[in-house]
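Heads up: the structure comes next, in structure tokens.
Throughout, read-outs are computed from the coordinates displayed, never taken from laboratory work. Please read all numbers here as calculations on a predicted model, not as lab measurements. Using ideal geometry, Cβ is built from the backbone for each residue, glycine included, and neighbour counts are taken over all protein chains shown.
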Amino acid sequence: MPVTAERGYLIPAIGNVYVECAQKLSDSIHKWHPNANITILTKEMLPYGDLGGYVNDWQVFAASPYRQTIKLEADMICASPIDHWWTLLEKRDVVISQGARDFYDQPAAARYYRKIFDENNLPDVYNAITYWRLSRTAKEFFNLVQSIFEQWDSYKKILKFPDELPTTDVVYAIAAVIMDPDQVTLPKGLGPTIVHMKRYINPIQTSNWTKELVWENNPFRINTVAQFGLVHYHVKEWVNE
Amino acid sequence: MTTGALIFARNNEEIDYVAMARWSASNIKRHLGIPTHIVTDDAETTNTRYFSDIGNVIWHNLNRMDAYQLSPWDRTLVLDADYVVASNQLQSVLEVDQDFLAHRWAYDVTGNNNFEGLNYFGNNCMPMWWATVMMFRKSNHARLIFESMRMIKDNWTHYRNLYKNTTATYRNDHALSIALGIVNGHTLDHAGIPWKLASLTPEHKLTQTSQDCYRVNFINTENKPRWVELQQDFHAMGKQQLGEIVASNS
């Protein structure tokens with residue numbers, strides 16, 4: 001896709017639910033940054049067509065109309081200004097976010113969802129926030145991502161506790177190891193991280209935090225605690241609340 | 001700038017909190033060189049002049065959130081009666097350029113308990129700030145914190161439900177934690193006393209070995225008898241044992 005702007009946010013949204021989520025995320029970013037460039041990448045816009053599920057991810061590199069892109073997962077909401085990220089990220093070719101936070105803004109300590117990362121010494125990356133600039137490094141990274149998705153059966157054999165189907169986080173982590181994690185991540189605690197609302201990351205008793213906790217909009221708070229940056233709400237039905 | 005300490009003390013059938021506060025006031029004078037006002041609703045005690053060398057005694061049915069109104073000083077240290085001042089470490093808290101400070105973390109001096117359950121409250125583990133030691137400066141910021149604590153106490157059922165508190169009993173620590181959130185824009189980034197609150201749980205044996213030196217005998221997690229010596233301030237959660245120490249000093 002031809003470059004139309006220097007910087008912009010790209011939100012992949014394959015499937016109707018994700019389009020709704022992506023629109024909500026886009027609206028929440030525009031609330032803080034009315035002039036932000038945002039592209040919602042739908043199935044029809046994929047340059048190589050819909051390959052099914054997570055496997056489409058590597059296409060974001062070719063699909064982005066920006067020289068510098070921050071890719072965001074659709075099921076998130078922007079709870080505070082984030083444009084300072086550009087200053088933090090612009091010196092690098094690729095940055096995948098590392099680690100996550102709970103709704104108290106504390107680093108997620110639970111490893112319940114990250115067994116495969118720990119058992120295989122993979123970096124604790126989250127593709128939910130991924131920055132790249134048009135560069136050889138970024139091209140190499142997404143070529144690797146494509147290759148790992150396509151040859152998952154081979155990668156699966158060398159991993160402990162592999163998923164039957166590859167997840168984007170694991171694929172990004174393997175690509176990071178091949179390229180050297182220092183080349184595609186920032187030191188832990190420095191770069192942007194998501195608030196992850198999955199059950200075992202937060203002190204909650206059920207899997208649906210939207211029913212258990214009190215939340216408010218404008219400003220976005222969970223159990224009275226103001227949220228910062230991007231909140232990965234994870235419960236897709238919440239998009240219509 | 002005037003500085004002093006407030007201790008809230010209410011006797012019950014088992015614990016003579018006023019005696020504890022009086023003893024603490026003498027420690028405060030010795031280590032920090034500031035006067036103490038003891039706030040109590042014990043009419044008999046408050047009508048005596050026993051505390052005149054330490055400070056006034058105010059008699060009223062008052063609560064911790066009244067500290068802002070009650071304090072005659074520009075800068076005030078509010079202490080629990082069972083907080084033992086055994087050093088001048090709080091001096092630095094009185095000199096810092098902040099309107100309000102309290103402890104975020106407490107720890108067990110024996111290392112037996114991890115205090116996870118005590119440093120958070122409610123089913124969703126809201127971070128807790130301890131009201132055991134509070135320093136405030138007369139300011140809008142501090143006034144709002146105490147007014148918020150009052151509001152929270154007056155509407156405790158609502159706040160208890162909101163934070164899914166498992167116990168119905170109102171606690172100053174919980175009200176303070178909620179109030180700090182309200183006043184600081186619903187964030188959890190509050191300036192705190194830059195060390196943890198040393199705490200001693202009631203199951204351990206506390207004795208005084210010399211004027212500012214205490215010994216804690218305890219059974220460790222491997223069921224072996226151990227002891228530690230404290231030459232620092234600490235929060236004696238075992239009031240009975242502290243009461244005995246106070247009685248032996250009077």
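The table for this structure:
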{"item": "Amide H contacts under 5 Å for residue B:129, placed H, 5+ residues apart", "result": "B:177"}
{"item": "Calculated FRET value between residue B:226 and residue A:137, using beta carbons and R₀ = 60 Å, to 0.05", "result": "0.60"}
{"item": "Spatial separation of Cα centroids for the stretch A:63-85 and the stretch B:1-31, in angstrom", "result": "56 Å"}
{"item": "Contour excess over end-to-end distance, with Cα ends at residue B:219 and residue B:2 and 0.36 nm allotted per residue", "result": "73.7 nm"}
{"item": "Centroid-to-centroid separation of the stretch A:120-165 and the stretch A:173-204 [C-alpha atoms, Å]", "result": "13 Å"}
{"item": "Relative contact order of chain B, pairs being alpha-carbon contacts under 8 Å that are 6 or more residues apart, as %", "result": "21 percent"}
{"item": "For residue A:42, residues with placed amide H under 5 Å, excluding near neighbours", "result": "A:13"}
{"item": "Footprinting exposure proxy for B:166, A:167, B:201 (fewest neighbouring C-beta atoms within 10 Å first)", "result": "B:166, A:167, B:201"}
{"item": "Cα centroid separation - the stretch A:1-49 against the stretch B:176-250, whole Å", "result": "54 Å"}
{"item": "Neighbour-count order for B:136, A:228, fewest beta carbons within 10 angstrom listed first", "result": "A:228, B:136"}
{"item": "Near-label residues of the stretch A:144-188 by backbone N, under 16 Å of a point 7 Å along Cα→Cβ of residue A:113", "result": "A:163, A:167-173"}
{"item": "Farthest positive-ward along the protein assembly as shown dipole, Cα basis, beta-carbon charges - from B:168, B:40, A:149", "result": "A:149"}
{"item": "Hypothetical label at residue B:30: residues of the stretch B:198-229 whose amide nitrogen lies under 12 Å (7 Å Cα-Cβ projection)", "result": "B:209-214"}
{"item": "Estimated vicinal HN-Hα couplings, Hz - the stretch B:14-28 in sequence order (Karplus 6.51, -1.76, 1.60; Gly, Pro = x)", "result": "9, 10, 8, 5, 5, 4, 4, 5, 4, 5, 5, 4, 5, 5, 5"}
{"item": "Kirkwood-type radius of the stretch B:3-197, with distances r between different C-alpha atoms, in Å", "result": "17.3 Å"}
{"item": "With 20 Å bins from 0: P(r) over the protein assembly as shown, alpha-carbon pairs, percent", "result": "20, 41, 27, 11, 0"}
{"item": "³J(HN,Hα), Karplus 6.51/-1.76/1.60, whole Hz, each residue of the stretch A:75-86, x for Gly, Pro", "result": "7, 9, 10, 8, 9, 6, x, 10, 6, 5, 4, 4"}
{"item": "Per residue convex hull volume, Cα atoms of the stretch A:1-48, in Å³", "result": "64 Å³"}
{"item": "Fluctuation leader among A:121, A:218, A:35 - chain A, Gaussian network, Cα springs under 10 angstrom", "result": "A:218"}
{"item": "Amide H within-cut-off set for residue B:187, under 5 Å, with H built and near neighbours excluded", "result": "A:226"}
{"item": "P(r) weight above 11 Å for the stretch B:205-250, C-alpha pairs, percent", "result": "70 percent"}
{"item": "Rounded D (µm²/s) - the stretch A:125-241, Kirkwood Rh over Cα pairs, Stokes-Einstein at 4 °C, 1.567 mPa s", "result": "77 µm²/s"}
{"item": "Order of B:125, B:213, A:78 under a 10 Å beta carbon neighbour criterion, fewest first", "result": "B:213, B:125, A:78"}
{"item": "Counting DSSP beta bridges with both ends in chain A, the antiparallel % (nearest 5)", "result": "55 percent"}
{"item": "Chain A: DSSP helices with Cα axial extent of at least 15 Å and average Kyte-Doolittle hydropathy no lower than 0.0", "result": "A:168-179"}
{"item": "Backbone HN-Hα couplings from phi across the stretch B:164-170 [Karplus 6.51/-1.76/1.60, Hz, Gly and Pro as x]", "result": "6, 6, 6, 10, 7, 5, 5"}
{"item": "Alpha-carbon radius of gyration plus Dmax, which is the widest Cα pair, for the stretch A:5-240 in Å", "result": "16.9, 48"}
{"item": "Cut-off 14 Å between beta-carbons: net charge of the residues surrounding residue B:122, Lys and Arg +1, Asp and Glu -1", "result": "0"}
{"item": "Estimated inter-spin distance, residue A:151 and residue A:217, nm [label 7 Å along Cα→Cβ]", "result": "4.7 nm"}
